[in-house]
Protein chains: 6
Amino acid sequence: MRKGVYPGTFDPVHYGHIDIAIRATRLFDEVIVAVYERSQKNILFSVEKRVALLEEAVADHPRIKVAQFGGLLVDYVKQVGAFAIIRGLRVFSDFELEFRMAITNRRLAPDIEVVNLITDEKHIHISSSTVREVASLGGNVSSMVPPHVNRALKEHFARLGDDGPDSVDLISLRD
Amino acid sequence: MRKGVYPGTFDPVHYGHIDIAIRATRLFDEVIVAVYERSQKNILFSVEKRVALLEEAVADHPRIKVAQFGGLLVDYVKQVGAFAIIRGLRVFSDFELEFRMAITNRRLAPDIEVVNLITDEKHIHISSSTVREVASLGGNVSSMVPPHVNRALKEHFARLGDDGPDSVDLISLRD
Amino acid sequence: MRKGVYPGTFDPVHYGHIDIAIRATRLFDEVIVAVYERSQKNILFSVEKRVALLEEAVADHPRIKVAQFGGLLVDYVKQVGAFAIIRGLRVFSDFELEFRMAITNRRLAPDIEVVNLITDEKHIHISSSTVREVASLGGNVSSMVPPHVNRALKEHFARLGDDGPDSVDLISLRD
Amino acid sequence: MRKGVYPGTFDPVHYGHIDIAIRATRLFDEVIVAVYERSQKNILFSVEKRVALLEEAVADHPRIKVAQFGGLLVDYVKQVGAFAIIRGLRVFSDFELEFRMAITNRRLAPDIEVVNLITDEKHIHISSSTVREVASLGGNVSSMVPPHVNRALKEHFARLGDDGPDSVDLISLRD
Amino acid sequence: MRKGVYPGTFDPVHYGHIDIAIRATRLFDEVIVAVYERSQKNILFSVEKRVALLEEAVADHPRIKVAQFGGLLVDYVKQVGAFAIIRGLRVFSDFELEFRMAITNRRLAPDIEVVNLITDEKHIHISSSTVREVASLGGNVSSMVPPHVNRALKEHFARLGDDGPDSVDLISLRD
Amino acid sequence: MRKGVYPGTFDPVHYGHIDIAIRATRLFDEVIVAVYERSQKNILFSVEKRVALLEEAVADHPRIKVAQFGGLLVDYVKQVGAFAIIRGLRVFSDFELEFRMAITNRRLAPDIEVVNLITDEKHIHISSSTVREVASLGGNVSSMVPPHVNRALKEHFARLGDDGPDSVDLISLRD
């Protein structure tokens, strides 16, 4: 059985992620969407919540599993019996990081392949940080995330009050 | 009347910003330089100070207004009756962010146009973070910012003592 | 005597750094590897430790000196009687930063030349942040750093316990 | 009256071009789509045909004029009383060329502004050379060009016989 | 049976190509290396010769087939019963073209997936045009191509006499 | 004696070239500006004329020599007793080609170093092809090339008549 791991933070899952996971099922018999479990600054949802949002998002796709992991990615890939890391390429600037990841992971574990799928142009502008920023400012993210994620975002920011976004990509601090 | 909004953090305004704002007056009857008002880490000047420095910088240009704003950029653009967001493109790596901003903003508000002007090559290397870094280390930024901004930077760092720059772009941590 | 300064954070030194420093000795009679001394967030080793690791790494190369510095880079370059800043170019995304550094430094000190050497493709994927991430997760970095740096990393993370990496480049937060 | 010139080869016009021309009418009272008239290798349609296809494509937009020009672009812009050059930015790699064009044109004529609009993501993959390649191989370009351009392409390649595409972007010679 | 098509010009096949084809066999039950058959300018070897050189290069890999094709790539992929196009990503600048190819091909045939594998860093600098240039000038390409391709190149240039390379990438005309 | 070779086509030499050659004399005791002698399509001036224009341009710099060469660049570098290839980096998109050149040349001759200097931002937009295009259309290139090169261009295009530019970078065929 060909297994592939699709790793990420998924904070939260968006339509771009879901598109990549589904398309990966054509290449792999099982696709494990692996949520990195460590706490990072600027994380909105707990790892349990991120896993739950993902599970609901891919509920109709039995060959997609959702799991959480820590430690070195290549160790996790081996541990679950997969041979490939799946990555969605979004835009140019992704590539340098993907390239570095791919080469470093290959050095750490030469048997593990990195497979890149190009994000659909409909989803090219979506990233989790953009979703968080727009949602935190009350903007409409219904074209970026499934309805249940949209609800989770609204609940989160309603509960949190008006603390502002963790990033300001849509204005750009780098001026 | 054609109105355009030129948004940013402007911490502080530099010659590259001023050049873009003035050139934008050829396309728009009124250019609103809109200072993002939220507190962010690594911000040097308060929003009031940033607005004041900008107002002095464009005092000779009656069709350039300075304002502050919060919330979603496209909401602000609509609220002031503008139809366009003005952005200065500086270098390659700017483009990916600008592209994502432009597409996301268009999804959020299809009526709002994003207009890019290419920064003059004289100002190609100037960013607010470079200005802050050089000024914090006692370097001469008189070729990057107007005299009144230079004075404000000197006062700021004299009062602050030697706390070091918030970024070290000129050395590069990414080694 | 032609002197060049090779500045950086070197947290920690890796094979890519050593390769650039050695190759620079063909262009310069003396190469000063200059460790930026300020505390930055996410720094693993103290400046003294970083200098010591570098000194051991280049012990066989008498024309390479190791030093620490603070303040503006161009001021340091002048102070040690050098006329050039040496930089290793790794990948595309390096270039924009290097370009901005070079132009800004030239404005600050027109007499100082910036010399770029292209990193060997064997080392193209190595950065100090990747080394820190892999080492913090117990991965094998022996192909990236000399044995004495590998030992220092192991000691550091053994003492520190399991606090996790400061970056997660190999998973990518930017999803 | 604010006039802008949107220059290009338009061989043939596609939906990306039309989108940019229409959006430019929000910034300019008159947009002159200016077809470069010189013969170039790999040109499919004569300048007269390219102008005619454009005229039909923008027939519903009275403030968009179509014209042909030769010589230096900035001379043409001045001659028609315009003050700006309009360009559509498509993808990353466009930017370097656009940047060089913008700076060179500004040196030749400092009064002329270059205004960039970011291509809609629906049209991000369309270029005239892709249209020519797909059409020459009998592929369906109806999502890329208006019906009358599609017909002109079919007639052209029917008359021409099977001579093959002038480019093979979809396979890539650069392997 | 999962079939993938790895298309290209392969003029001539080099180690980077062979590496991608072999790695693709982990994802696909059959990998069809598909040589574009049309004559192009600057082509060194006939399509028959390119196919023969490839067949010898992958002779030990029974699941890799070599074939030639013309016409639209997606039509060929469907015709052989494959569902994916395999591409090797080499360096940054590849990506824009790959991205455009992927999106255009998806528009032409939404069922066909584009799968990207990142070229091993050992082969990152190799392209067929570099091979042709170095070989045409008598340089040693034995680290870039298998021995039988090296021999074919030597025979070709011995027979041809000293006509010079079709490209001068190693000097760069773009100065 | 440290010798470096600065190779190129120099058709014609422009201020960006001269700036790099002069700055390279700080790193090398002798800088050999090496003009590639083969005929290429789109070449304006003969190799003898290109050498003569260069010699006049650097006449005041006795440590800069001008020469012509053919064959493999690394063979020429060894033959003249140099150990380094000098390259000027202009903009982002230069880098991929430079990177490929550097790695390929290092494979062909590991002893030869590639040294990159970043082009002054004043000259960032100048390339020989832009000079040829603007001059062929009667545009003013006096800010791009020395007076004697300007005269040679005018004579060339006066004699040639109005044959049009070999490239149309300032309009862009890639629309």
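The values are calculated or read from the model by the stated rules, or taken from the named source; none is laboratory data. What you see is a predicted model; the values in this text were computed from it and never measured. We place every Cβ from the backbone using ideal geometry, glycine too, and count neighbours over all the protein chains shown. These accessible areas exclude ligands, DNA and RNA; they are computed on the full protein's heavy atoms, side chains included. Shrake-Rupley method; radii C 1.70, N 1.55, O 1.52, S 1.80 Å.
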- Query: Given the conditions (1) part of a loop (DSSP other than H, G, I, E, B); (2) surrounded by 19 or more Cβ atoms within 10 Å (Cβ to Cβ); (3) not hydrophobic (A, V, I, L, M, F, W, C), and given that residue D:62 satisfies all but one, which numbered condition is not satisfied?
  - Reply: (2)
- Task: Just need a number here: residues in the range B:88-106 that are outside any helix (DSSP H, G or I) and either of a type in the set (Gly, Ala, Ser) or at the interface with chain A (Cβ under 8 Å from one of its Cβ atoms) (or both).
- Result: 1
- Task: Please state which of the following conditions residue A:123 fails to meet, knowing it meets all the rest: (1) more than 26 Å from residue E:103 (Cβ to Cβ); (2) under 14 Å from the mean Cα position of the chain (by Cα); (3) not hydrophobic (A, V, I, L, M, F, W, C).
- Result: (1)
- Name the residues in the range E:107-128 that are open to solvent by 10 Å² or more (accessible area, probe 1.4 Å) and at the interface with chain D (Cβ under 9 Å from one of its Cβ atoms), would you? E:107, E:108
- Item | Residues that are open to solvent by less than 20 Å² (accessible area, probe 1.4 Å) and not acidic (Asp, Glu), drawn from the range A:129-147 | A:130, A:131, A:134, A:135, A:136, A:139, A:141, A:144, A:145, A:146
- Note on the structure: Inside the range E:72-82, the number of residues satisfying the requirement of being surrounded by fewer than 18 Cβ atoms within 10 Å (Cβ to Cβ) and either within 21 Å of residue E:11 (Cβ to Cβ) or within 11 Å of another protein chain (Cβ to nearest Cβ) (or both) is 1
- With the condition kept exactly as written, say whether any residue in the range C:9-28 is within 13 Å of another protein chain (Cβ to nearest Cβ), free of Cβ contacts under 8 Å to residues at least 40 places away in the same chain and either open to solvent by 40 Å² or more (accessible area, probe 1.4 Å) or not in a strand (DSSP E or B) (or both). yes
- Query: So which residues in the range E:33-44 are hydrophobic (A, V, I, L, M, F, W, C) and open to solvent by 10 Å² or more (accessible area, probe 1.4 Å), if there are any at all?
  - Reply: E:43, E:44
- State which residue is farthest from residue F:101 (Cα to Cα) when the search covers only the range F:45-59 and only residues that are of a type in the set (D, E, K, R) and open to solvent by 10 Å² or more (accessible area, probe 1.4 Å). F:56
- Note on the structure: Subset of the range C:90-106, residues in contact (Cβ under 8 Å) with a residue 24 or more places away in the chain and open to solvent by 10 Å² or more (accessible area, probe 1.4 Å), comes to C:90, C:91
- Task: Could you run through the range B:29-59 and say how many residues are part of a loop (DSSP other than H, G, I, E, B) and aromatic (Phe, Trp, Tyr)?
- Result: 1
- Are any residues in the range C:129-162 within 12 Å of another protein chain (Cβ to nearest Cβ) and within 18 Å of the chain's Cα centre (by Cα), and if so, which ones? C:129, C:130, C:131, C:132, C:133, C:134, C:135, C:141, C:142, C:143, C:144
- If we ask which residues in the range D:65-87 are of a type in the set (A, V, I, L, M, F, W, C) and assigned to a helix (DSSP H, G or I), their number turns out to be 3
- Of everything in the range C:57-71 that's closer than 21 Å to residue C:120 by Cβ and not aliphatic (A, V, I, L, M), which residue is nearest to the other protein chains (Cβ to nearest Cβ)? C:63
- Task: Just one of (1) open to solvent by 40 Å² or more (accessible area, probe 1.4 Å); (2) out of contact with any strand residue (DSSP E or B) (no Cβ under 9 Å at 6 or more places or on another chain) trips up residue F:68, so point out which.
- Result: (2)
